[in-house]
Amino acid sequence: MYARFLMALAITAVPILADVVFSDTTFSNGTYTGTTYKSDPTSTVSFGQCATCGNPGQAMQILINLPNSFDLVGLGLTNSSFTYDPLTQGAIQSISASVDKDVIFNQAVSGGNAFHPMLEQDGVFYIATILGPNLVNNTTTGYDTISQTGLLATDFTEYDFTTGTSGSAHPNFAGDPITFGLAQLSSLGSPVQLQVDYDNLNLDVVTTPEPSYLLILATGLFGLVILGRRNQSRA
């Protein structure tokens, strides 16, 4: 009897480190909300679904015009369906992020290229940076898959779209609900127009056991204590 109880407890109390995967290959306009920053009011930025510019098929297309050198445009896109609540679904251990990205310029440029997974928590935006291949006097990058596994809360840094500046705060992976998305930050040393296409976005949220698992484990341990005491009284 005692052995059977132990076996049942072992089966029911195994922690399930389940991945919650958010994926988007169509980028419907209705699921994304944009938040922007422009260092120069004459800069322009727009976004929307593109039916034929994906890898393949549909994609998110961002059009940016930087009329002056070193203008900065920031665009944050949150997906209303990409929500996760650590308080009910379990604290986040890490996040793996991947996207296909293509950048097209109206002139040959050189510079860095990155994918910025983004999340919003309690009205604050947090951005991570995953570096991709650099541009070397090119007019297009072509589609590159930019990815990283094991992103921690400390990899996401507060970003203020009102001022275009980064802070020092990080999200709470065990705290309030989180909405996920991506950000595009653009600044170059010369006036330029660019088109940025994103496709096949994947955000893999690795979680700790749900609170319900902890309750099961606590109940099982309490049962073991009671059962052990009964066995001792019969010895």
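Things to note:
- Surrounding net charge for Ile146, when Lys and Arg each add one and Asp and Glu each subtract one, Cβ distance under 9 Å: -1
- Here the Karplus relation 6.51 cos²θ - 1.76 cosθ + 1.60, evaluated at θ = phi - 60°, turns the backbone of the stretch 192-202 into coupling constants of 7, 10, 9, 10, 10, 10, 10, 9, 6, 6, 9 Hz, with x for every Gly and Pro.
- Given their separation in residues at 0.36 nm each and the Cα-Cα distance between them, Ser39 and Ser23 gain 2.6 nm when the chain is fully extended.
- Net +/- balance of residues flanking Phe27 in space, Cβ distance below 13 Å, scoring K and R +1, D and E -1: -3
- Per residue, the stretch 45-121 exposes an accessible area of 36 Å² to a 1.4 Å probe, with every protein chain left in place.
- A 1.4 Å probe, protein heavy atoms only, puts the accessible area of Ser186 near 10 Å².
- Label-point separation in nm, Gln93 to Gln148, each point 7 Å along Cα→Cβ: 2.0 nm
- Rounded accessible area of Leu152 (nearest 10 Å², 1.4 Å probe): 80 Å²
- Compactness of the stretch 57-159 is given as radius of gyration and Dmax, 15.8, 49 Å, from Cα positions.
- Summing Lys and Arg as +1 and Asp and Glu as -1 over all other residues whose Cβ lies under 11 Å from the Cβ of Ala114 gives a net charge of 0.
- Per-residue accessible area (protein heavy atoms, 1.4 Å probe) orders Ser94, Ser187 as Ser187, Ser94, starting from the largest.
- Contour minus Cα-Cα distance for Asn202 and Gln107 (0.36 nm per residue): 31.2 nm
- The orientation-averaged projected area of the convex hull spanned by the Cα atoms of the stretch 65-104 comes to 5.3 nm².
The values are calculated or read from the model by the stated rules, or taken from the named source; none is laboratory data. These numbers come from a predicted model, not from an experiment. We place every Cβ from the backbone using ideal geometry, glycine too, and count neighbours over all the protein chains shown. Calculation scope for accessible area: heavy atoms of the full protein, side chains included, ligands and nucleic acids excluded. Shrake-Rupley method; radii C 1.70, N 1.55, O 1.52, S 1.80 Å.
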